[in-house]
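Working notes, beginning with the structure itself.
The values are calculated or read from the model by the stated rules, or taken from the named source; none is laboratory data. Everything quoted here is computed from the prediction, not taken from an experiment. Positions of Cβ are generated from backbone atoms using ideal geometry, with glycine treated the same way; all protein chains shown enter the neighbour counts. Surface areas here come from the heavy atoms of the whole protein model, side chains and all, with no ligands, DNA or RNA. Shrake-Rupley method; radii C 1.70, N 1.55, O 1.52, S 1.80 Å.
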Amino acid sequence: MTRKQLVEQVQQKRSYLCVGLDTDITKIPKHLQSHPDAIFEFNRQIIDATKDLCVAYKINTAFYEAMGLKGWEAMEKTVNYIPKEHFTIADAKRGDIGNTSSQYAKAFFETLNFDAITVAPYMGEDSVRPFLAFENKWAIVLGLTSNPGSKDFEQLKVVGQETNHGEEYLYENVLRKVSSWGDPGNLMFVIGATKASDLEDIRKIIPDHFLLVPGVGFQGGSLKEVSKYGMNNDCGLLVNASRAIIYASEKEDFATEARIIAQQYQGEMAGYLK
């Protein structure tokens, strides 16, 4: 998917909602757990209930990989079921030496046909560039995450010798450096919603790139704050909500309840869009 197509979807739907399909077989409604294809059936109903309210779906691959072959099959069926106008993200957090990254990219961009994959930048440029070599595909690089452990490395102060920016956080150095490897048409960054107060400074470093923002909902992030400080002229945001939507109900009405929550997000987003 191109940036233009993504921006058009945001404008048409008045939404920058990304629904996270972090589907845990132990948490789906009990009446589905005995279904022969339980994960896909759950995802199918969630997609049908929310597809007109969101512009993207994010599949956390760990929940599928943990189930072995059956999980991979459910993931493939799910990504193929998602309507083509939606932006699809493999939340796999890959990153390795170049030839290995090339195989990861092929797996998720060609075999599974996702639009984007999350990437860990720790190993540097040669581990990220293979994901940027595919036309109309995206690398979504970890920037500032919302987990407590982000303080261990991401928020360490370093001296930005190469950029002459003096002392800065390591994540700021990562954003500045990685943004030069691609462009706003094939490169996004993950910025946790619980770090909304930092978005204003982050936008000074990467004003044009889209940001994938998890952490709204159960993790306590504020959609209002994220929108206020993170939005750019093209919106530039994909705000992910997973558990708050897909587990809105444990009963047979789970898809109906998921739609209600998605509508609440979409309605609020419409008010923030320029």
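Could you tell me whether any residue of segment 166-173 is within 26 Å of Glu85 (Cβ to Cβ), in contact with a helix residue (DSSP H, G or I) (Cβ under 9 Å, 6 or more places away or on another chain), among the charged types (D, E, K, R) and at pLDDT 90 or above?
No - not one qualifying residue is present in segment 166-173.
When the residues of segment 115-133 are narrowed to those that are crowded, with 19+ Cβ neighbours inside 10 Å, in contact (Cβ under 8 Å) with a residue 40 or more places away in the chain and not aliphatic (A, V, I, L, M), which ends up nearest to Phe87 (Cα to Cα)?
Among them, the one singled out is Asp115.
Can you name every residue in segment 96-114 that is in a helix (DSSP H, G or I) and open to solvent by 10 Å² or more (accessible area, probe 1.4 Å)?
Selection gives Gly98, Asn99, Thr100, Ser102, Gln103, Tyr104, Lys106, Ala107, Glu110, Thr111.
Does Thr88 satisfy the criteria of being over 22 Å from Ala258 (Cα atoms), out of contact with any Ser or Thr (no Cβ under 6 Å at 6 or more places or on another chain) and crowded, with 17+ Cβ neighbours inside 10 Å?
When the stated conditions are applied, Thr88 does not pass them.
Out of all the residues in segment 228-238, which are crowded, with 21+ Cβ neighbours inside 10 Å and aliphatic (A, V, I, L, M)?
Answer for segment 228-238, where residues must be crowded, with 21+ Cβ neighbours inside 10 Å and aliphatic (A, V, I, L, M): Leu237, Leu238.
Being surrounded by fewer than 22 Cβ atoms within 10 Å (Cβ to Cβ), free of Cβ contacts under 8 Å to residues at least 60 places away in the same chain and not acidic (Asp, Glu) is the requirement here; does Asn136 meet it?
No, not satisfied.
Does any residue of segment 260-268 turn out to be open to solvent by 30 Å² or more (accessible area, probe 1.4 Å), over 30 Å from Lys30 (Cβ atoms), touching a residue at least 12 places away in the same chain (Cβ under 8 Å) and in a helix (DSSP H, G or I)?
Scanning segment 260-268, I find at least one residue that is open to solvent by 30 Å² or more (accessible area, probe 1.4 Å), over 30 Å from Lys30 (Cβ atoms), touching a residue at least 12 places away in the same chain (Cβ under 8 Å) and in a helix (DSSP H, G or I), so the answer is yes.
For segment 71-85, give me each residue that is open to solvent by less than 10 Å² (accessible area, probe 1.4 Å) and touching a helix residue (DSSP H, G or I) at 6+ places or on another chain (Cβ under 7 Å).
Initially, segment 71-85 is screened for residues open to solvent by less than 10 Å² (accessible area, probe 1.4 Å), giving 71, 74-75, 78-79, 82.
The answer is Gly71, Ala74, Met75, Thr78, Ile82.
Out of the residues in segment 3-43 that are among the β-branched types (Val, Ile, Thr) and under 18 Å from Met67 (Cα atoms), state the one that is nearest to the chain's Cα centre (by Cα).
Thr23
Open to solvent by 10 Å² or more (accessible area, probe 1.4 Å), touching a Pro at 6+ places or on another chain (Cβ under 9 Å) and without any contact (Cβ under 8 Å) to a residue 60 or more places away in the chain: is that true of Gly68 in this structure?
No: the conditions fail for Gly68.
Pull up segment 1-31, narrow it to residues that are open to solvent by less than 10 Å² (accessible area, probe 1.4 Å) and in a helix (DSSP H, G or I), then point me to the one that is farthest from Gly230 (Cα to Cα). Write out each step before concluding.
Filtering segment 1-31 down to residues open to solvent by less than 10 Å² (accessible area, probe 1.4 Å) leaves 6, 10, 15-21, 23, 28-29.
After this cut, where a residue has to be in a helix (DSSP H, G or I) as well, the list is 6, 10.
Values: Leu6: 17, Val10: 15 Å.
Step by step, filter segment 1-31, then rank; the result is Leu6.
Within segment 239-259, which residues are open to solvent by less than 70 Å² (accessible area, probe 1.4 Å), of a type outside the set (Gly, Ala, Ser) and either out of contact with any Pro (no Cβ under 7 Å at 6 or more places or on another chain) or not in a helix (DSSP H, G or I) (or both)?
Val239, Asn240, Ile245, Ile246, Tyr247, Asp253, Glu257 - these are the residues of segment 239-259 that are open to solvent by less than 70 Å² (accessible area, probe 1.4 Å), of a type outside the set (Gly, Ala, Ser) and either out of contact with any Pro (no Cβ under 7 Å at 6 or more places or on another chain) or not in a helix (DSSP H, G or I) (or both).
Taking the condition under 19 Å from Ile245 (Cα atoms), in a helix (DSSP H, G or I), touching a Ser or Thr at 6+ places or on another chain (Cβ under 9 Å) and open to solvent by less than 50 Å² (accessible area, probe 1.4 Å), does Tyr57 pass?
Numbers: under 19 Å from Ile245 (Cα atoms): yes; in a helix (DSSP H, G or I): no; touching a Ser or Thr at 6+ places or on another chain (Cβ under 9 Å): yes; open to solvent by less than 50 Å² (accessible area, probe 1.4 Å): yes.
Against the criterion (under 19 Å from Ile245 (Cα atoms), in a helix (DSSP H, G or I), touching a Ser or Thr at 6+ places or on another chain (Cβ under 9 Å) and open to solvent by less than 50 Å² (accessible area, probe 1.4 Å)), Tyr57 does not qualify.
Quick check on my filter: what residues within segment 182-238 are in a helix (DSSP H, G or I) and under 22 Å from Val119 (Cβ atoms)? It would help to see each step written out before you state the result.
Just the residues of segment 182-238 that are in a helix (DSSP H, G or I), to begin with: 193-205, 223-230.
If the condition is that a residue be in a helix (DSSP H, G or I) and under 22 Å from Val119 (Cβ atoms), then Ala193, Thr194, Lys195, Asp198, Leu199, Ile202, Arg203, Ile205, Val226, Gly230 are the ones that fit.
Quick grid of which residues meet (1) within 22 Å of Val213 (Cα to Cα); (2) of a type in the set (Asp, Glu):
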{"site": "Glu76", "(1), (2)": "no, yes"}
{"site": "Asn80", "(1), (2)": "no, no"}
{"site": "Asp96", "(1), (2)": "no, yes"}
{"site": "Tyr104", "(1), (2)": "no, no"}
{"site": "Phe108", "(1), (2)": "yes, no"}
{"site": "Leu132", "(1), (2)": "yes, no"}
{"site": "Asn136", "(1), (2)": "yes, no"}
